[in-house]
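Chemist: The structure that follows is given in the form of structure tokens.
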Amino acid sequence: MKRQSFPESVTFPGKTSHFEAELWFDDACILDMDYFVKTLSGIKAKGVRHDLIGSIITHYASKWLPDLSGGNVAEKSLTNSEESQESVTASWMKKRFFVETIVGVLPPERDSIPCNFLLRLLRTANMVGVEPTYRAELEKRISWQLDQASLKELMIPSFSHTCGTLLDFELVIRLVKRFVNLDEAAKSGAAAFIKVAKLVDSYLAEAAVDSNLSLPDFVALAGALPGHARATEDGLYRAIDTYLKAHPAASKQERKSLCRLIDSRKLSPEASLHAAQNERLPVRAVIQVLFSEQNKLNRHIDWSGSFSGTRSPGIGLDSSARCHSRREMTANQMEIRRLKEDVVRLQSQCNSMQVQIERLVGKKKGFFKWKKFGLPSFKGVDVIHKIEEVDEESEFGKETPLGIKTKLVRGKTPPPKWRKSMS
């Protein structure tokens, strides 16, 4: 094989672009591995940036191993059966040597190699059975950039005969735990936590369909992230619901342990409504979701009742001593109309949840004594009548937002006990 030397006229540091480097390595990719390592050492000695070196390595590796190119098929590879008549064992040994060499020449900087390329390299390393030290190095580098990983590349199949799952679940658990244990400077702030949480929830939803996935592994990955990492619990709820669908024989205690992972306060109204209708969840979990939605509803009503007062520019003045302009009166009326719409919408959601809980009561009759819970009933109509009365008065300029707040607060009556029927 004709070996090409590194051109002395090329000046990489600070002048050569990413495109120019790849053009040169389209020809340099015919080099064997030993000579490539020597050539790469010469490039490093010239002071080339670490991101450019990483680009050179990924380009060279993708030419020889199509699996590392992210879907692009290379013209020449180590597994081209038409050009090589060697045995499968020899081909795998050559792949193993190639992967170990590539890992050995990776730049030490954290962002020099894309995370998805490292995941593809780790998948190939697990497939050909490289030394544990090389796999540990790849896992460490991936954990540094886990927030940049994609779900497709993270779904690495399990190549172990002792593992019963289709995906390498234990690998993802190790990566997430490594990421959580990184120092704060290496995590790129709270945004990285949120991205990893979304990635983990999506991975759980995909892996949950595997009937061989054990409950301890699922709980270990779902609980590996701290509570503040998830801005919303909808993704985790979807993964748990998928797991319960794929494991209908799960015991009541196992279902309870799964539902303890969900913070019902972070569920969206749509997810809460779905959970209230979900027969796969334990009754206690459904009640907890309904309590959380009821608390949200009450807080929203309290906040909406005081919203106009907090926005009033003359809150410290006597309401009768101020002369309100037409613009202020129009703004007050618009706020009151928005408040009425919010109350109607929230009342509809609350009524739907009450219907669902009454159905559950009918199915589980005698299981709970509902009067002990003292669930309040939301009387949205009374609040709307109060708002309409305030709205009629505000049209003539007789009331201010402070007065509206006072009437709403004084007009609130303690909610009655939750009735067992909707009549």
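Chemist: I'm trying to understand the selection: among the residues of the stretch 244-273, which are open to solvent by 70 Å² or more (accessible area, probe 1.4 Å) and not in a helix (DSSP H, G or I)?
Modeler: Result: Pro248, Ala249, Arg260.
Chemist: Another question about this same structure. Take Ala205 and tell me if it is open to solvent by less than 60 Å² (accessible area, probe 1.4 Å), part of a helix (DSSP H, G or I) and free of Cβ contacts under 8 Å to residues at least 12 places away in the same chain. Spell out how you get there, then give the answer.
Modeler: Values: open to solvent by less than 60 Å² (accessible area, probe 1.4 Å): yes; part of a helix (DSSP H, G or I): yes; free of Cβ contacts under 8 Å to residues at least 12 places away in the same chain: no.
No, not satisfied.
Chemist: Does the stretch 12-49 hold any residues that are open to solvent by 70 Å² or more (accessible area, probe 1.4 Å), at pLDDT 80 or above and under 25 Å from Cys115 (Cβ atoms), and which are they?
Modeler: Lys44, Arg49 - these are the residues of the stretch 12-49 that are open to solvent by 70 Å² or more (accessible area, probe 1.4 Å), at pLDDT 80 or above and under 25 Å from Cys115 (Cβ atoms).
Chemist: Let me ask something else. Check Ser143, Ser160 and return the single one that is more than 29 Å from Ala90 (Cβ to Cβ) and hydroxyl-bearing (Ser, Thr, Tyr).
Modeler: Values: Ser160 fails: more than 29 Å from Ala90 (Cβ to Cβ).
From the options Ser143, Ser160, the qualifying one is Ser143.
Chemist: In this structure, does Arg141 turn out to be touching a helix residue (DSSP H, G or I) at 6+ places or on another chain (Cβ under 6 Å), outside any loop (DSSP other than H, G, I, E, B) and not small (Gly, Ala, Ser)?
Modeler: Working: touching a helix residue (DSSP H, G or I) at 6+ places or on another chain (Cβ under 6 Å): yes; outside any loop (DSSP other than H, G, I, E, B): yes; not small (Gly, Ala, Ser): yes.
Against the criterion (touching a helix residue (DSSP H, G or I) at 6+ places or on another chain (Cβ under 6 Å), outside any loop (DSSP other than H, G, I, E, B) and not small (Gly, Ala, Ser)), Arg141 qualifies.
Chemist: To continue, here is another question. Among residues belonging to the stretch 59-91 that are closer than 20 Å to Tyr134 by Cβ and out of contact with any Ser or Thr (no Cβ under 9 Å at 6 or more places or on another chain), point out the one that is modelled with the lowest pLDDT.
Modeler: Thr89
Chemist: Which condition number in (1) in a helix (DSSP H, G or I); (2) surrounded by fewer than 20 Cβ atoms within 10 Å (Cβ to Cβ); (3) modelled with pLDDT of 75 or more is the one that Ala276 fails?
Modeler: Here Ala276 clears every test but (2).
Chemist: Six or more apart or on different chains, Cβ atoms under 9 Å: show the pairs whose first residue is in the stretch 124-146 and within 19 Å of Val176 (Cα to Cα) and whose second is of a type in the set (S, T, N, Q).
Modeler: Hits for this filter: Asn126/Ser158; Asn126/Ser160; Arg135/Asn126; Ser143/Asn181.
Chemist: Another question about this same structure. What single numbered condition from (1) within 30 Å of the chain's Cα centre (by Cα); (2) more than 27 Å from Arg174 (Cβ to Cβ); (3) modelled with pLDDT of 85 or more fails to hold for Lys94?
Modeler: (1)
Chemist: Same structure again: Of everything in the stretch 144-198, what is modelled with pLDDT under 90, open to solvent by 40 Å² or more (accessible area, probe 1.4 Å) and in contact with a Phe, Trp or Tyr (Cβ under 7 Å, 6 or more places away or on another chain)? Give them in sequence order.
Modeler: none
The values are calculated or read from the model by the stated rules, or taken from the named source; none is laboratory data. Note that the coordinates shown come from a computational prediction; the quantities given were computed from them, not determined experimentally. Note that we place each Cβ from the backbone using ideal geometry, even for glycine, and neighbour counts take in every protein chain shown. Just the protein is used for accessible areas: all its heavy atoms, side chains included, with ligands, DNA and RNA removed. Shrake-Rupley method; radii C 1.70, N 1.55, O 1.52, S 1.80 Å.
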